[in-house]
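To start, the structure itself, in structure tokens.
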Amino acid sequence: MNLRIEDRSRVSLHGIYRLQNGGGERGALIVDLSAKGCRLLDRLHPLPVGAELTLTFGHLNPFAAKVCWQEGSFYGIEFLRPLHAMVLDHLTRTAADLRTGRRPR
């Protein structure tokens, strides 16, 4: 059953997250993205459903988020505040530029 009310863009972005209850920074791959959340891949560190974290992309400020679901090494992440349309556009364009080998704008 798919309860998502918003389409996600397929991306391949490196992200850094930090759990709110402590721990260091951990790298992960973001494989799809929308204004309200993303799907994160982390094969090294299990994340409990319900965990709160901050997620950072590049030089942008961290985004508060929580883990909504887990399937294998994939995690559904919900942003506590939706991404601004300009931020989402920037991230999806950056991911597209990285896929095509063009220099990010």
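The values are calculated or read from the model by the stated rules, or taken from the named source; none is laboratory data. Please read these numbers as outputs of a predicted model, since none were measured by experiment. Cβ atoms come from the backbone with ideal geometry, glycine included; neighbour counts cover every protein chain shown.
Surrounded by 12 or more Cβ atoms within 10 Å (Cβ to Cβ), in contact with a Pro (Cβ under 7 Å, 6 or more places away or on another chain) and either at pLDDT 95 or above or of a type in the set (Lys, Arg) (or both): does that describe LYS66?
So LYS66 does not fit the description; no.
Please specify each residue of the range 69-87 satisfying the condition of being farther than 16 Å from GLN20 by Cβ and either part of a loop (DSSP other than H, G, I, E, B) or at pLDDT 95 or above (or both). Explain how you work it out, then say what you get.
Here is the first cut: in the range 69-87, the residues farther than 16 Å from GLN20 by Cβ are 69-74, 76, 82-87.
Answer for the range 69-87, where residues must be farther than 16 Å from GLN20 by Cβ and either part of a loop (DSSP other than H, G, I, E, B) or at pLDDT 95 or above (or both): TRP69, GLN70, GLU71, GLY72, SER73, PHE74, GLY76, PRO82, LEU83, HIS84.
Can you run down the residue pairs with Cβ atoms below 6 Å, 6 or more apart or on separate chains, where the first is in the range 43-69 and touching a residue at least 40 places away in the same chain (Cβ under 8 Å) and closer than 15 Å to ALA28 by Cβ and the partner is of a type in the set (Gly, Ala, Ser) and surrounded by 17 or more Cβ atoms within 10 Å (Cβ to Cβ)?
Sorted first by the residue in the range 43-69, then by its partner, the pairs are LEU55/GLY15; LEU55/ALA65; PHE57/GLY15.
Kindly indicate whether any position in the range 21-35 is surrounded by fewer than 17 Cβ atoms within 10 Å (Cβ to Cβ), more than 11 Å from the chain's Cα centre (by Cα), outside any strand (DSSP E or B) and at pLDDT 90 or above.
The answer is yes, given that some residue of the range 21-35 is surrounded by fewer than 17 Cβ atoms within 10 Å (Cβ to Cβ), more than 11 Å from the chain's Cα centre (by Cα), outside any strand (DSSP E or B) and at pLDDT 90 or above.
Quick one: SER12 ticks every box in (1) surrounded by 11 or more Cβ atoms within 10 Å (Cβ to Cβ); (2) modelled with pLDDT of 90 or more; (3) of a type outside the set (D, E, K, R) except a single one, so which number is it?
Going through (1) surrounded by 11 or more Cβ atoms within 10 Å (Cβ to Cβ); (2) modelled with pLDDT of 90 or more; (3) of a type outside the set (D, E, K, R) one by one, SER12 breaks only (2).
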